[in-house]
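Following: one structure in structure tokens, then a few remarks.
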Amino acid sequence: MSPTPDSAVQTVRTYISGHRDVFLDDLAQWLRIASVSVQPEHAAHVRDSARWLAGHLSATGFPVAEVWETDGGHPAVYAEWPSDDPDAPTVLVYGHHDVQPAAREDGWHTDPFDPVTRDGRLYARGAADDKGQVLFHTLGVRAHLAATGRTTPAVHLKLLVEGEEEAGSPHFRALVETRRDRLAADAVIVSDTGMWSETTPTVCTGMRGLAECQITLHGPGQDIHSGSFGGAVPNPATAAERAGVDVLAGAV
């Protein structure tokens, strides 16, 4: 007999509770890798982070877990776990394994790359953004299998975890275009969002992106008196302000 929704949810909670310490130990290992993508001196650490994650995904049960190179950038990690139901939808989960720079002098009470637990909370750079979120999917998959008695997920599950999100994802577009066949999915979940509160799960239906442009303005070729020529001669500062408003208006 198939488990009821209520019993399945309880089984998931029991599984997660019983594996909490192991999960946090695994997460702490990953957090100790200073995968700071915007600092060249940490390039080796970003690569170590990718390799660690690929190994962890394999150990979790993903039959495919690969480190994907980028053209001159930091590596991404791809994994997939097909469902035994050929008609099941394909879900792609996106996340990132790189982090922002962090140091004690920034205001941290402890080393940001030496995880500590205080008052029931785990503190380290990347604990929330985004290693904690990414790694929780591995625990969620195992809990799902335990709750349902399945040997494969109910959906064809794919993970893409990039290594340059904190640097503006300069090589992500090319990576996706090159691997588009393997990344094909019916739905995408971005595992890099927030929660309404610590006890309230949140479904985010949209996110901000990045826009980058360069605007060149040409003004008078010499200094002129604003009292005599102001208004008649275009002011570059005013033109820049108007251009910014036009760009923002077009993006909305």
statement: Taking only the alpha-carbon positions of region 160-252 as identical scatterers, the Debye log10 I(q)/I(0) at q = 0.15, 0.20 Å⁻¹ comes out as -0.86, -1.14
task: With the Cα gyration tensor of the chain in hand, give its eigenvalues times 5 under a square root as the equivalent ellipsoid semi-axes, listed largest first in whole angstrom.
output: 43, 23, 19
query: So what is the 222 nm mean residue ellipticity for the chain from helices alone, if each DSSP H run of at least 4 adds -39500 (n - 2.57) and you divide by all residues, rounding to the nearest 500 deg cm²/dmol?
result: -11500 deg cm²/dmol
field: Debye, to nearest 20: dipole size of region 58-127, +1 on Lys, Arg Cβ, -1 on Asp, Glu Cβ
entry: 440 debye
task: Express as a percent, rounded to the nearest 5, the fraction of DSSP beta bridges in region 79-164 (both residues included) that run antiparallel.
output: 45 percent
- request: Mind checking region 146-237 for GluC sites (Glu not before Pro) that DSSP puts in a loop (not H, G, I, E or B) and that have at most 14 other Cβ atoms within 10 Å?
  value: E198, E212
task: Over all alpha-carbon pairs of region 11-135, lay out the pair-distance distribution in 10 Å bins, whole %, shortest bin first.
output: 12, 38, 33, 14, 3, 0
- line: At the level of C-alpha centres, the distance separating region 64-132 and region 196-215, in angstrom, is 17 Å
- request: Tell me the label-point distance for the pair R51, Q29, using the 7 Å Cα-to-Cβ offset, in nm and rounded to one decimal.
  value: 1.4 nm
field: Inter-site label distance for S17 and Q222 at 7 Å from Cα along Cβ, in nm
entry: 8.3 nm
- prompt: Which loop chymotrypsin sites (Phe, Trp or Tyr not before Pro) in region 162-229, with loop taken from DSSP, have no more than 16 other Cβ atoms within 10 angstrom of their Cβ?
  reply: W196
- request: Enumerate the calculated ³J(HN,Hα) couplings along region 80-92 in order (Karplus 6.51 cos²θ - 1.76 cosθ + 1.60, θ = phi - 60°), each rounded to whole Hz, writing x wherever the residue is Gly or Pro.
  value: 8, 9, x, 7, 7, 9, x, 8, 5, x, 9, 10, 9
task: Of the DSSP beta bridges with both residues in region 5-190, give the percent that are antiparallel, rounding to the nearest 5.
output: 50 percent
- prompt: So who's got an amide H within less than 5 Å of the one on V190, skipping anything under 5 residues away but keeping other chains? H placed 1.01 Å off N, in plane.
  reply: Y94
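Every read-out reported here was derived from the displayed coordinates using simple, explicitly stated rules and does not represent laboratory data. Bear in mind that the values here come from a model prediction, so they are computed numbers and not experimental data. Positions of Cβ are backbone-derived with ideal geometry, glycine not excepted, and every protein chain shown enters the neighbour counts.
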